[in-house]
Each structure stands twice: as structure tokens, then as C-alpha cells.
Amino acid sequence: MATIYEEIHSQVEKRRTFAIISHPDAGKTTLTEKLLLFGGAIRMAGEVKSRKAKKFATSDWMQIEKERGISVTSSAMQFKYQGQHINILDTPGHQDFSEDTYRTLTAADSAVMLLDAAKGVETQTIKLFKVCSQRGIPIFTFINKMDRYGKEPLDLLEELELVLGIRSCPMNWPIGMGDEFCGIYDRQNHRIEMYRQDGQRDFIYPDQRGVEDPSIRDVIGDSLYNKLCEDIALLDIAGDPFDQEKISQGKLTPVYFGSAISKFGVQTFLDEFLQLAPAPHAHMSSIGPVDTVKTAFSGFIFKIQANMNPAHRDRIAFLRVCSGKFERGMAVNHVRSGKKIKLAQPQQFLAQDRDIVDEAYPGDIIGLHDAGNFRIGDTLCAEGSFKFERLPQFPPEHFARVINLNAMKSKQFQKGENQLVEEGTVQAFRTTDRTADLILGVVGELQFEVFSYRLKAEYGADIRLQRLPYQLARWVAAENRIEVSKLSNLSSLCVTDQDDRIVVLCESEFALRWLVEKNADLTFYASAYELDDHHELSNAT
Ligand code: G4P
């Protein structure tokens with residue numbers, strides 16, 4: 001009989017947990033849907049035909065997402081394919097993104113970077129790429145929409161290097177594009193996959209001469225054949241060779257071409273991705289790396305979301321399992337509070353359906369019902385009391401004063417505000433004067449809209465947001481809190497954050513420099529973490 005370690009080990013090896021990063025419209029929804037289809041997760045095949053149809057697609061939970069056709073919140077989906085358990089973390093694709101996106105990436109072991117062949121590397125992709133690249137996770141590139149005319153494939157590879165600074169290794173190579181798109185030459189398996197729009201697969205296997213096999217010419221015609229031979233010869237000589245180690249370190253990205261809308265190239269991509277992408281591995285913690293197999297169940301919360309299902313007013317904390325075996329009903333240590341918590345009704349997500357899970361293994365994402373106990377970044381562990389590395393924190397760059405338009409609904413307003421702040425979609429500050437006005441800080445401006453919308457839709461509270469001119473926030477270490485009020489002036493405002501730390505909001509770097517010079521006795525920190533570290537250090541000495 002397999003020991004528990006053997007069981008966990010074999011489950012870990014079967015798991016792949018990744019995020020798809022892309023710019024809006026590159027085809028992320030389409031690709032996600034096709035991937036889910038392979039796993040039989042979505043029974044009804046059907047392309048994303050229109051924005052209207054997209055309303056019902058996969059991971060769009062919130063009304064606002066549906067209306068705007070964008071994915072505002074990140075979600076997690078699991079499907080099985082050929083014995084593997086695949087967890088896809090959905091990251092919001094809109095230009096204005098939030099900390100949520102970044103945090104979701106901390107739960108991924110690898111990333112799929114999806115590009116539109118006509119647009120190449122776009123702004124949102126650059127931002128998301130940077131976060132993945134800082135974490136050193138492997139990044140796989142899928143270049144989409146080859147059925148349309150786009151940039152030259154060689155130019156796209158160059159763009160990856162020039163714009164993102166990553167070397168690439170094309171695993172397959174397109175034959176033509178747009179109306180002339182014939183298929184892809186698979187450099188690993190030495191075969192041609194002929195383009196078909198109906199989702200069926202059709203291969204040609206050249207003889208030992210590979211791409212030089214003249215019978216290919218008969219199928220694709222002279223001009224595409226000549227170009228294919230030239231391109232492949234060039235890649236063989238001048239391109240980066242396949243190097244698994246570099247891929248694992250995120251220094252080389254394997255590149256695949258395809259057309260998600262017709263499923264073309266998607267299965268080949270999925271098959272190879274599953275072989276090359278890493279299984280879950282040890283996460284860093286306060287006691288060092290946490291072994292996925294030998295450490296009892298542990299995980300961290302990377303996202304909290306309320307009211308996913310308006311019919312049940314619930315709040316779900318998303319936990320990434322990092323080690324051991326999770327079993328329903330188990331009692332675990334909630335490290336921040338020091339309390340034991342019973343995890344009674346964990347859920348897993350499959351497109352829009354939720355299932356109760358009885359067990360989960362490292363790499364899995366489970367949703368925990370949350371009565372307000374959890375915070376983003378919390379560690380849960382069955383044994384001991386260690387903490388996983390802190391999730392990255394991003395200072396807000398946009399600020400607005402919140403005016404409650406309906407005093408009769410102030411209770412609902414309060415409830416909604418607390419909830420949304422705890423979800424981490426916005427940061428809340430209070431002015432230090434008697435009015436204690438609520439000021440919101442966000443990383444991406446869209447969060448203001450999401451905040452107003454959700455307050456109204458979920459709590460019935462009407463608000464107006466008065467935009468403020470501040471652009472940066474600094475946390476201040478001060479012995480004397482009264483003295484700090486002098487930080488407010490024409491171009492800065494003194495406030496407190498959710499945990500009552502002193503924060504100053506400034507209109508510009510210039511205004512901040514002025515404050516720093518005038519207040520040499522105070523220390524300014526770029527984040528709450530930095531301030532807390534400072535306090536921990538000074539308490540320790
Ligand atoms: P997103 O989630 O990244 O924002 O992109 P989404 O999948 O919604 O795709 C954006 C648009 O690109 C959609 O078209 C979709 O049909 C189209 N698309 C996705 N993959 C491919 C592909 O491989 N080839 C081609 N030609 N188009 C693709 P739309 O105009 O926004 O909507 P509609 O055409 O479906 O009405």
C-alpha cells in the first residue's frame with residue numbers, strides 16, 4: 001500500500017498550476033475555453049462568438065465583468081486532462097489592473113503568455129510579464145490568431161527579446177498566415193499539423209529529411225515551402241536551442257503558434273506544456289522552504305472575494321495548497337490569529353460550477369467559506385506555526401474621497417466598505433481630523449468603478465467619489481502622533497491606514513521631497529511592510 005508520502009508525491013507530480021497573462025483581446029477567454037474543453041470541463045463546445053456569448057464564458061463572475069466584457073476579478077479553475085490535474089488561475093485582462101492580479105500570480109507555478117500575432121507584445125503583457133519574471137517562474141508563449149495577417153514571426157521573436165528581454169525558442173513554426181495560413185511545422189516532433197478550422201487534427205509526417213522533404217512542397221505550394229525551409233534553416237543556425245534548464249529558470253520562453261478560435265495548435269501546446277511546466281515545488285516560509293510532500297498540509301490565502309454568487313451572500317477566501325494533503329473538515333492553525341480553524345466546506349471551481357472538495361494536494365486552489373477570519377496573505381497549516389513569504393504589496397497611485405449619498409444606508413455602506421477593503425480591491429484611509437473622511441487608494445483606476453458598482457449592486461449603497469490629486473503614499477514612523485498632523489499642507493494630506501498607521505499622501509515626488517527635508521525627525525517608508533519591518537527591528541534591539 002502506498003504510504004501517505006508516496007500518495008502526495010504522485011499527486012504533486014500530476015499537478016500544473018499556471019496563469020494566463022495577456023493584453024485584452026489577445027484571446028485569453030477563447031484559449032481558456034478551449035483548454036477547458038480538452039478536459040471535458042465545458043460540455044458544450046462553441047467558440048466565443050461575440051461579446052454577448054462571452055457573457056456565459058468560463059470565469060466571468062461579476063456583473064460588471066459581463067457588462068464590460070472584461071474580467072475584473074481573478075478566478076481559479078481546475079480540470080483534468082490525461083490523468084493530469086490542471087489549475088488555471090485567471091488574471092484580469094483589463095488595462096487598469098489591481099493588486100489582485102499581482103497576488104494571483106504568486107499562486108502560479110508557471111505562466112502562459114498569450115500574444116496577438118498582429119499586435120505583438122502589448123502594455124498589459126509587459127506589466128504582467130515583469131511580475132512573473134521577477135518571481136523567476138517559467139513562461140510559455142502562445143502566439144495567437146495566425147488565421148489573420150499579423151507581424152512576421154521572426155519579428156515577433158525579436159520583439160520578445162527587445163521589449164521583454166527574454167530569449168525564445170520556437171517549438172513550432174507557422175506556415176503562412178491569414179488566408180494563406182496552412183498550419184504549423186512542429187520542430188520537436190518533426191511533423192506538420194495542417195490548419196483546420198473545424199477543430200479536427202490532421203498531420204503530415206515528412207521523411208527523414210524533415211522540412212526538406214519535397215513532398216511537403218506538393219501540399220503547401222512553392223512559395224510557402226521555400227519560406228518554411230529558409231525560416232527553419234535560420235532558426236536552426238541562429239535561434240536559441242531548446243534548453244529545459246533555462247526554461248525552468250524563466251530565462252528562455254518556448255514559443256508556440258496557433259489559432260485559439262479554431263482550437264488549432266492548442267492541444268499540441270497543452271501536451272507539451274504539461275511535459276515542460278513544473279509541478280508544484282517548495283514555497284519559502286519563515287522556517288525555510290516548505291517541502292510539498294513531507295510537510296503536513298499548509299497553504300496561503302491569495303485572494304478574498306465576496307458575493308460571487310449573489311443568491312448566497314458568501315465570502316470566499318482562495319487558498320493555494322503548498323504542502324501535504326488537505327482533507328475536508330480538518331482543523332488547521334490560522335497562524336496570524338493563533339487560532340485553530342475547521343475547514344468545513346471547501347470548494348473547487350470549474351468554470352461557473354463549484355464543487356465541494358474532499359481532498360486537495362499541493363498546487364490546488366480551494367475556496368474556503370470565510371466568516372471574516374481570513375486576510376490576504378494568511379498562512380494556514382496543519383502542524384507548526386510558520387508563515388509563508390509575504391505577498392507583494394503595491395502602493396496605491398490614485399486616491400478619492402468617498403461621499404455616502406444616502407445617510408439612511410450608512411450601515412450597508414459600512415458593511416460594504418469593510419468587505420471590499422478586506423478583499424484587498426481597495427485600500428482605505430481616514431483623514432486624521434474630526435470628520436475622519438474615508439479616502440480610497442487604488443493601484444488601477446478601474447478599481448474605483450468596481451468599488452462604486454459593487455457597493456450599489458451588493459449593498460444598495462450609493463456613493464460619489466471625489467477624485468483627489470495625490471499620486472503617492474508614504475508610511476511614516478513617528479514617536480509622536482500629534483506632531484504628524486503638520487504633514488498636511490497644500491500638496492499633501494495626512495491620513496491613517498486600515499491598521500491605524502500614519503500615512504501621508506503627496507501630489508508629487510517634489511512635494512514628498514519637500515516634506516522629507518522639512519521633517520528630518522520622521523522616517524518615510526514606501527509601504528506598510530517596510531514600516532512594520534522597521535518597528536520589528538527596533539523592538540528587537
Ligand atoms: P480576451 O479574453 O483576451 O479579451 O480575448 P477574447 O478571447 O475575448 O478574444 C478577443 C477577440 O479575439 C474575440 O473577437 C475573439 O473571437 C477573437 N479571437 C480569439 N482568438 C482568435 C483567433 O485565434 N483568431 C481570430 N481570428 N480571432 C480570435 P471579438 O471581435 O471581440 O468578438 P467576436 O468576433 O467573437 O464577436
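Would you work out which of 343, 396, 385 lies farthest towards the positive end of the dipole of the chain? Charges go on Cβ: Lys and Arg +1, Asp and Glu -1. The residue sitting farthest along the positive end of the dipole is 343.
Note that region 213-222 has calculated 3J(HN,Hα) couplings of 4, x, 5, 5, 4, 4, 8, 9, x, 4 Hz, one per residue in order, obtained from phi through the Karplus relation 6.51 cos²θ - 1.76 cosθ + 1.60 (θ = phi - 60°); glycine and proline are x.
The simple Förster model, with R0 at 41 Å and r as the Cβ-Cβ distance, assigns residue 358 and residue 453 a FRET efficiency of 0.70. Structure note, pairs 411/486; 127/251; 294/387; 14/294; 342/387; 28/130: Cα-Cα distances above 21 angstrom occur for 411/486. To the nearest 0.05, what FRET efficiency results for residue 236 and residue 201 with a Förster distance of 22 Å applied to their C-beta separation? In this case the efficiency is close to 0.30. The relative contact order of the chain comes to 13 percent, based on Cα pairs under 8 Å that sit 6 or more residues apart. Residues within the reach of a label modelled at residue 344 (point 7 angstrom out along Cα to beta-carbon, backbone nitrogen below 20 Å), restricted to region 375-392, are 375, 380-382.
At full extension, residue 126 and residue 410 could sit 98.1 nm farther apart than now, given 0.36 nm per residue minus the alpha carbon distance. Using 1/(1 + (r/R0)^6) with R0 = 45 angstrom and r between the beta carbons of residue 521 and residue 229, what's the FRET efficiency to the nearest 0.05? The value I calculate is 0.05.
Is the C-alpha gyration tensor of the chain telling us rounded, prolate or oblate? Criteria: a/c under 1.5 is rounded; beyond that, a/b larger than b/c is prolate, otherwise oblate. Mind showing how you got there, number by number?
Details: a/c = 1.89, a/b = 1.64, b/c = 1.15.
Prolate is the answer for the chain, as a/c is 1.5 or above and a/b outweighs b/c.
Placing a label point 7 Å from the Cα of residue 327 along the Cα-to-Cβ direction, the residues of region 1-37 with a backbone N closer than 16 Å are 2-9.
For region 473-541, the spread of Cα positions along the three principal axes, ordered from largest to smallest, is 37, 25, 22 Å.
Quick one: dipole size for the chain, taken about the Cα centre, charges +1 on Lys/Arg Cβ and -1 on Asp/Glu Cβ, in debye to the nearest 20.
Values: 64 positive and 76 negative charges, 392 e Å.
Around 1880 debye, computed over the chain.
Here the gap between residue 371 and residue 532, fully extended at 0.36 nm per residue and compared with their Cα-Cα distance, gives a gain of 55.3 nm.
Under the 0.36 nm per residue contour assumption, what length would be gained going from the current alpha-carbon distance of residue 486 and residue 179 to full extension? All intermediate terms of the calculation are to be shown ahead of the outcome.
Numbers: separation 307, 0.36 × 307 = 110.52 nm, distance 6.69 nm.
103.8 nm is the gain from fully extending residue 486 to residue 179.
Restricting attention to the chain, close to 75% of DSSP beta bridges with both partner residues there are antiparallel.
For region 283-381, what does the relative contact order come out to in percent, with C-alpha contacts under 8 Å and a separation of six or more? Walk me through the numbers on the way to the answer.
Values: 216 pairs, mean separation 32.3, N = 99.
With pairs under 8 Å counted, the relative contact order is 33 percent.
Here, each number is a calculation from the coordinates, and none is a lab measurement. Given the structure is predicted, the values throughout are model-derived calculations rather than measurements. Note that each Cβ is placed from the backbone with ideal geometry, even for glycine, and that neighbours are counted across all protein chains shown.
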